[in-house]
Structures are given as C-alpha cells and as structure tokens.
Amino acid sequence: MEKRNIPFSPPDMSELEVEEVKQAILSGWITTGPRTKEFEKQISAYVGTNKTVCLNSATAAMELTLHVLGVGPGDEVIVPAYTYTASCSVICHVGATPVMIDCAKNSFEMDYDKLPDLITEKTKVIIPVDLAGIICDYKKI
C-alpha cells in the first residue's frame with residue numbers, strides 16, 4: 001500500500017488580521033470586551049438576528065448547541081468516525097452516546113448509504129463534519 005500524506009492547510013492570514021490581533025492584545029481585552037461586543041453586533045446584522053454570542057471555539061459552540069437542543073443521557077448522536085476529537089467529545093460531555101458512522105470507500109465523507117441504518121428512536125442529532133476542504137452533502141443527510 002502506498003503511503004500518502006494529507007497535510008492540513010496552513011492559516012490564511014494577511015497583515016490586516018495580524019494588526020487586528022495585535023490591537024486586541026494591546027487593548028487588554030482578549031475575551032469578552034468591547035471588540036467582542038462589536039463583533040457580535042456585526043454578526044447579528046449580517047445574519048439578521050437580534051442577538052449573537054461569541055464563544056471561544058467550535059467545540060464550545062457544538063456543546064452549547066447540544067444543550068440547547070436538550071440532548072443528554074439516553075440520547076444518541078451520529079458523528080463521522082473520521083473527524084477531530086471535539087466532534088465526538090461534546091456528545092460525551094452532555095451525557096449522550098456517540099454513534100460512529102464510517103467513511104465511504106475512498107472518501108473522507110461519511111458513508112451516506114449507511115446513515116439510515118444508524119438512525120433509531122434514540123437518535124437526536126447528526127453532526128456532519130466538513131473535513132479537509134470537502135463539504136458534506138447536506139441534502140443526503
């Protein structure tokens with residue numbers, strides 16, 4: 001079998017992003033300060049909502065989403081087997097049971113054909129994962 005390396009993409013940052021981070025650090029507000037509040041307002045205006053809450057990571061956002069949806073003990077959440085650990089760990093954090101779905105042959109995507117067999121009355125959520133620049137086929141899900 002031929003060994004292959006799949007490198008992660010390096011960050012795409014310009015001087016603008018570097019300057020914004022520098023200004024945030026120099027302001028002394030690196031978490032929930034005025035810059036974060038302004039960013040939340042801009043996001044709300046962009047997506048057309050009354051409120052927006054910025055969190056420190058996608059992990060925190062996924063866990064909060066599961067809490068808001070009432071996912072907990074006794075529930076099952078389907079998650080791709082090939083993903084970052086956070087996609088699965090948030091399921092455990094809320095007390096639900098992760099159900100792993102394997103990748104399709106020669107693909108990084110979940111095997112959509114196997115998905116119906118994994119859905120039960122305990123299934124509350126499917127967490128799709130866009131990975132390595134490959135967007136999930138949300139219509140199939």
- Query: Which of the residues belonging to segment 93-102 are surrounded by 14 or more Cβ atoms within 10 Å (Cβ to Cβ) and out of contact with any helix residue (DSSP H, G or I) (no Cβ under 9 Å at 6 or more places or on another chain)?
  - Reply: none
- Close pairs (7 angstrom Cβ cut-off, 6 or more residues apart or separate chains): free of Cβ contacts under 8 Å to residues at least 60 places away in the same chain and within 12 Å of Pro80 (Cβ to Cβ) in segment 112-141, among the polar types (S, T, N, Q) and part of a loop (DSSP other than H, G, I, E, B) anywhere: Val129/Thr83; Leu131/Thr83
- Item | Filtered residues of segment 122-134 (kept if surrounded by 16 or more Cβ atoms within 10 Å (Cβ to Cβ) and among the aliphatic types (A, V, I, L, M)) | Val125, Ile126, Ile127, Val129, Leu131
- Query: Would you call Pro73 touching a residue at least 12 places away in the same chain (Cβ under 8 Å) and surrounded by 12 or more Cβ atoms within 10 Å (Cβ to Cβ)?
  - Reply: no
- Residue among Ser44, Ser89, Ser57 that is at pLDDT below 95 and of a type outside the set (Val, Ile, Thr): Ser57
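The rows are residues; the columns are (1) within 14 Å of the chain's Cα centre (by Cα); (2) part of a helix (DSSP H, G or I); (3) buried (at least 17 other Cβ atoms within 10 Å of the Cβ).
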position	(1), (2), (3)
Ala61	yes, yes, no
Val79	yes, no, yes
Thr83	yes, no, yes
Ser87	yes, yes, yes
Ile91	yes, yes, yes
Asp113	no, yes, no
Thr120	no, no, no
Lys140	no, no, no
- Name, by its number, the condition in (1) over 30 Å from Glu121 (Cβ atoms); (2) in contact with a helix residue (DSSP H, G or I) (Cβ under 7 Å, 6 or more places away or on another chain); (3) hydrophobic (A, V, I, L, M, F, W, C); (4) modelled with pLDDT of 95 or more that does not hold for Leu16. (2)
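The values are calculated or read from the model by the stated rules, or taken from the named source; none is laboratory data. The model shown is predicted, which means the values in this text are computed figures rather than measured ones. Note that we place each Cβ from the backbone using ideal geometry, even for glycine, and neighbour counts take in every protein chain shown.
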